[in-house]
Every structure is written in C-alpha cells, then in structure tokens.
Amino acid sequence: MNEFQNYPKRSILISLTKPKLVKLEFNNQFGFHPLTNQPYSEQYYELLKTREKLPITATKENFLKLLEDNQVIILTGETGSGKTTQIPQFILEAGYSYGGRKKICCTQPRRVAALSVATRVSQEMDVELGNEVGYTIRFEDKSSQRTLVKYLTDGMLLREAMTDNNLSKYSVIIIDEAHERTISTDILFGLLKQLLSTTRKDDLKVIIMSATIEHKLFQEYFNNAPHLDVSGRVYPVDIFYLEEPEEDYIAGSIKTCIQIHLSEPKGDILLFLTGQDEIEDCCEKLNSRLSQYSPNERGNYKIIPLYAALPYSEQRKAFLPSPNDKIIKKKIKIKKDGKGGEGAEGGEGAEEGEEIIETTLYGRKIIIATNIAETSLTIEGIVYVIDPGLSKQKVFNPKKRVESLLVSPISSASANQRKGRAGRTRRGKCFRLYTEKTFKKLEKQTTPELLRSNLGNVLLNMKKMGIKDLLHFDYLSPPSIELLIRALEVNHYLGGLDENGELTELGHQIAAFPLDPQLSKMLIMSKHYKCCDEILSIAAMLAVSNCFVRPKKNQNLADQAKARFEDPQSDHLTLLNVYKEYDRNKKNRNSWCRNNFINYRTMLQADNVRNQLFQILNRLNLYSLSDIDYAKNKTLLKLNFKKCLVEGFFMQIAHQLDNKNYSTVKDKQHVVIHPSSGLALFTEWILFNEFVLTDRNYIRTCTLIDGQWLVQIAPHYYNVTTFRKGRTRSAIELIFLKRSFFMKNLKNIQSLQNKKKNRFGSF
Ligand code: CDP
Ligand code: MG
C-alpha cells in the first residue's frame, strides 16, 4: 500500500495543518499501478517509451520547481512537444491532487481536442477513460468522483464557475491553447486573476499554456509571472510563395498536392482549408484528379478529411500509418553506347542489352484539415504543408446585429504555426498559396474572439459567476462598449436582466442552458404554450448542425426526400417533422436516415442534446406533458408552437418588402430567404433563426408569423417610438390601432355582458 491510498484515513490529522503534497509514484520498483494497484499493461510501457522522448520530459524537474515557487506560470512550446498530454500528469505525480481531494483540470478550446487528449492520457496512465482521467464537453460528461485529471472545454469550465464561483474542486487549473483567445478563455483569464488575488490566494495554481507566441502579453497580465519554454528540436521549413496571387485557391491547392505527391521525396501532406463542405468537395476532386493517373504513376495515397464535426473514429484515420511505398521496376534498353532508351514497365530478369531500374513512388497521407490541425492536433510525419492563408472566423457586427462565419485571411502568427507543422520529423516545405507581399500585410495576431462576437450568452454567464461590473472587468483585451451594450440590450429585452443590469429570475433560468439566450427563453416559455416536447426537439435540432444530406450524385433524390418533411409555413416545423419521424422509426434509425437523406450522426447528437435539455428544463420545474392531443389538432399545435418561437426570437423578425424580399425590423437590413428554405408562402412577417452573410444577406430557417403576436408578446420591443419612420413603423402602428380597437370592443362586449348579468342575475 502506498501513501496515496492510506491518505483518506489520516486526513483528519493532516487537515489541521496546511495540506501536503501526496506524491504518486508511477513506474515504481514494485511494478504496480499506484492508482489501480494492478500490474501495468504492455501498452503502458510502450507509450512510456514515446513519452520519455518528448521534449517536455527533459524540463520536468525544472517545471515542477517553478510550480512549487509560483502561483502562475506561462508555459510555451512548439505543438507536439508534450504540453497537453504530459503537464497534467507531471502535476498529478508531484502530488497536487492532495490524496484525491482536489482535481487538476486542463481546458481546450475544442471539443474534439478535449476528447482525444483525454483518451490518449488515460491510455498513457493505464486507467479507464472516465475514471481517474476524464473529460467534459458540452452535452457530454465522461468524468466521475474519481477523476483526478480532467480535460474540458474552456466553455465548460466557465459553466462550472457559474455554480462554484471559486472553482474550489481544482488545485491546479491549466488554460491550454491560450493563444487561440476564445471568448471563454479570455473570460477565464479575468476570473482566475480575480480568484488568485482574493479567495484562492494560497491554494490555487494556474498554468497558461500556448504555442510559441504572445507569452509577453500573458506575463504582463499575470503580474510578471515566470515564463518557461519547452520547445524541443524543430527542423527548418523552406517557404515557397506564389509569384502572382491565385484566383481559385481550391484549384491551386489540388494542383500543389498533385505536384508534391508525384515528385517530392517521402513525407505526408497537410492542406489547410476553411470548412467541412469545402474539405469534402476538395477530397472528391483531388481523388478524381489523381485517379486519372495510372496506378504505376500515382502509387499509393490516402486522402483524409479532418474537421471538428467528423466522428472521432474518422478523425483517428489521420493518425494511422501512411500507405506503403510502391517500387516500380522499369526495363530500360541499353544501347551499345551505354545510354538508356524508352522501356516497358514491369517484368522480371534483365536480358542482354537491358537494365532494370527501380523507382519508388512514396505512399502518402494527404490530410485536408481545418484550423483544427494548426495547433490542437499533432500528426506525426507531415513534411509538406499547403497553406492557402484562409480560415473561417466568426464575426459579429454590432451595428447590423449580424453574426456570421466569414472566410477571412489568417494572421501571420497563424501562418507561422501552420508552417511549423512541416518541420516535426525532418526538414519540411511550406507552400503558401499567396504572395510574399500578401504575407507581409497580414495582421500579426488573430483578433481575440471576445472583440468580434455576440456576447449575449457570455454576459449572462459572467453575471451568474458573480461578476457585477462587466464594463470594468479586468479583460486581457476589453471588448468595445458597443458589443457589451448590444449584449445587455438583448438580455434586457428577453427579460433576463432588470433595469439595474441584475439577473432576474428568468435570467437565472436562461443562464442554466448552454444555449443562446433566445433559444433558452423559447424553451422556458414552452410550458406556458403546452408544447414542451415539440420545443425541446426543435431546440435540439437547432443546436446541432444541418441534418439534411445532399450528395452531389443524388441531389434530386435528396431534394425529393426533404420535400416530404417540408412544412410550407415553417422551416422549424420541417425540422420537427424530421425529428418526429426519426424518433418513430426507433428500430431501424440508421437505415431510415440513409433512405431519407438525413445525417444519422447529427440525429444521434440531436437526441443526446434533447435529453440534456430535457433534464435542465425538468430540474427547473419547467417541463410538463401537454394535455392537448396535437395529432388531432394540428392547427392548435402550429399556433402554440409559433407563438412560443416568437417568445424567444421577437428580435429576429423581417418585414416583407415584396415577394421574397424582406427587411429586418429595426436595423433595416435588406434580406432574402435562403435557398435551402422550404417555405412555399410568403407573408408580411417572418421569423428567422439565423442571418447569414455570404454573397447576399440571407435569413435561414424561417417561419411565417402573425404580426399581432409581436405586439402581444413583446410590446416593449415593438414600441413604435423606437422605430424609424417608414413602412415597418406604419405596419406596427396599424397593428396597435387594430388591437386597441379590438380591446375597446372587447371591453364594450364585456360590459354589455355584465349589464345583462346584473339584470338577470348571475347564471
Ligand atoms: O500539447 P502539445 O502540442 O505540446 O503536445 P501533446 O498534444 O501533448 O502531444 C505530445 C505527443 O502525444 C504528440 O507527439 C502526439 O503524437 C501524441 N498524441 C497522440 O498520440 N494523441 C493525442 N490525442 C494527443 C497527442
Ligand atoms: Mg497541446
């Protein structure tokens, strides 16, 4: 028995003094695992060998000493040096779980990274995933009481801070990939800085880990915390720029891939593109282009897509060994003067006057990835990087109140990260599909997400974490006042914040859901409209990605399949139809999805999300089964359902200009309905889930509504004095007028009825 397992029995004695570190000795002389008391598996020893070679291992002692002496450490290192996988293990071994009383956590901006790294570390530590090593991501928790090392998304740690403002279960908090500057990471910086100087002065340690950029900024922010760099050996990477800008970067990428594959020495290729559709499309094109070469020209290759929405099992393919090299033997005729002539391929044994020469066609992985491969996943063996210089970024325009994902140029810091991916195993090459002049003009760093996002949801979370003054919070980079005001405004209109900017009861409820406040408000109101189950399904379907599959080869069939679900008045109801049908076909959901061109994985995810949302709704006492038989009364269902949508989305309404042309109500943005919509009718008012900015302004996932409901449900927002003079204002005035006329009549009728009652006595 080691000290760790004895610890709980002696905890009363020890708790009187300052808690002592309880070292965990892995790989000890007894050959038994200190946590499970079992012998180690073979895999453990195998992984140990690779771990020992990681650059970070050499700095272990140095790092632990620094941790002992400091509250905050800034740790940088090239991607792949072992920060994410090893640092939490070093800390655990050094005793910072205090005999199982405290946990160590490590945040990741991406769900996949948290999941994959937790899986890897559980293997390295030889424990079952979910026990001593676990992970928590939105809608998925694989951790338990026993968990000592937890990987979680930065957003989930923020959620935890909402219920436990001091994050008291953690002794060490690691903020990883800090250079990504996601909103949640930025808010965590402020929160941790505050905790370190107040309630957790003595018993919390914080480690900020990032790629080899920006460490000075973090050091200054955390009162000159020490900085440690753990970069190991990296090989030089030669950079190639284009002489002239490339018009079509996809075509350019494909051309470059083929050139490398056919003519460069051994090594895998990594191409950075911007999103799922583009990647899938490019995989298909590249495959068809390469298959035009004969097998003896193209050798072996494997084209592998890699993006966040891909299931884990598919993502693992990027980590499998490269395909085999292919050796081609060619007969070359030797002329009498000794020079070679044209030869036939293949064949064994040389004849007189002939020579056989061997050429090796290198087998390669060609990985086509989003930014996910920039820092959060490390794939060994990459020697060639192709970088078109673009990525998809979320941009919020507070004036237009539009949040959109735009393909934008990356920063030079990102470009250098991408380049670095080529020099992990040996000298590499990076092909930048832009000119050197363009590179010099790139922004130095990516703008932090906090400065370009809709903060509606974040703001409620911050309030719930006990942060009172959002304007004067100690941000690493403060967002503009305009952004903060927009967020305050949205939550105020929804009823989540009162006049003083404090959380209302509704605000607390809204913040309980890991969703945009509009969606949460709609869920909360569903009990009132007797349609909890329907709204739960819709919220889940809106929270996951698009469920409709439209393969290039079968577009017509896919469209026909989709048409069967479509509701002419509401894309939201279309989604509900899909979910209901899917749910009804419980026995063979997979084949049902295939036959109906529905993405099975998306539906599984929607099911999971729905279940989680149901639990929150139920916990808040806001769920009830409807007593209306909607199967018999579809009109009533539609009415209740649509009104409930308006409860959340009354700020996302467009007013008709003509036919399919609309204008958003307050900001007067000219918008058209997205071509993917199944609406067959167009009426004066339309509610939309999303404003998409591409070549035009589109509104996507729309439902026709009655203007009456707007002034009924949100009179404070539809206060005519807040509208500019024009068509929309006149239309709202008219609704109010009709309404007051109606109310007056209603009063007259009621008083008439009362008079009758008085005359004849009560019935
Ligand atoms: O965090 P950093 O980029 O410094 O490195 P890491 O993620 O800790 O990776 C260290 C090593 O573990 C890499 O060489 C990867 O090959 C390996 N690893 C893995 O095999 N599977 C993962 N999910 C994560 C890392
Ligand atoms: Mg890492």
Quote the relative contact order of the chain in percent (integer), defining contacts as alpha-carbon pairs under 8 Å separated by 6+ residues. 9
How high is the relative contact order of segment 512-661, in percent, with contacts defined as C-alpha pairs under 8 Å that are six or more residues apart? 41
On a straight-distance basis, which lysines could pair with residue 331 in a cross-link, Cα separation under 17 angstrom, same-chain partners fewer than 8 positions away excluded? 339
Computed magnitude of the charge dipole of the chain (debye, nearest 20; Cβ of K, R +1, Cβ of D, E -1): 2520
Straight-line reach from residue 365: which aspartates and glutamates fall under 19 Å, measuring Cα to Cα and dropping same-chain residues less than 8 apart? 264, 268, 278, 280, 281, 284, 297, 314, 325, 374, 380, 387
Can you compute the modelled spin-label distance between residue 557 and residue 684, with each label point 7 Å from Cα toward Cβ, in nm? 4.5
Pull out the extension gain between residue 163 and residue 242, defined as 0.36 nm times the separation in residues minus the alpha carbon to alpha carbon distance; nm, one decimal. 23.2 nm
Two-site FRET efficiency, residue 356 against residue 294, from Cβ-Cβ distance with R₀ of 22 Å, rounded to 0.05: 0.70
Distance from segment 80-147 to segment 162-182 (C-alpha centre basis), Å: 13
Simple spin-label model, 7 Å along Cα-to-Cβ: residue 281 to residue 706 in nm? 4.2
If we sort 710-721, 122-133 on the protection proxy, mean other Cβ atoms within 10 Å, highest first, what's the order? 122-133, 710-721
Hey, can you rank 650-656, 662-668, 268-274 by average C-beta count inside 10 Å, highest first? 268-274, 650-656, 662-668
Positive minus negative residues near residue 491 (Lys, Arg vs Asp, Glu; Cβ under 13 Å): -1
Neighbour net charge for residue 159 - beta-carbon separation under 15 angstrom, K R +1, D E -1: +1
What's the local net charge at residue 525, with K and R +1, D and E -1, over the other residues with C-beta under 10 Å away? +2
Calculated FRET value between residue 406 and residue 435, using beta carbons and R₀ = 30 Å, to 0.05: 0.85
Please get the size of the charge dipole for segment 212-283, origin at its Cα centre, with Cβ charges of +1 on Lys and Arg and -1 on Asp and Glu, quoted in debye to the nearest 20. 580
Can you order the peptides 147-154, 313-320, 135-142 by their average number of other Cβ atoms within 10 Å per residue, highest first? 147-154, 135-142, 313-320
Residues of segment 402-432 with amide N under 18 Å of the 7 Å Cα→Cβ point at residue 668: 402
Shape verdict for the chain, please, from the Cα gyration tensor: rounded (a/c under 1.5), prolate (a/b greater than b/c) or oblate. oblate
For the chain, whose charge dipole is built from +1 on Lys and Arg Cβ atoms and -1 on Asp and Glu Cβ atoms, the candidate among 292, 362, 108 with its Cα farthest towards the positive end is 108
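FYI, it's all coordinate maths here, none of it is from the lab. The model shown is predicted, which means the values in this text are computed figures rather than measured ones. Every residue, glycine as well, gets a Cβ built from its backbone with ideal geometry; the counts of neighbours run over all protein chains shown.
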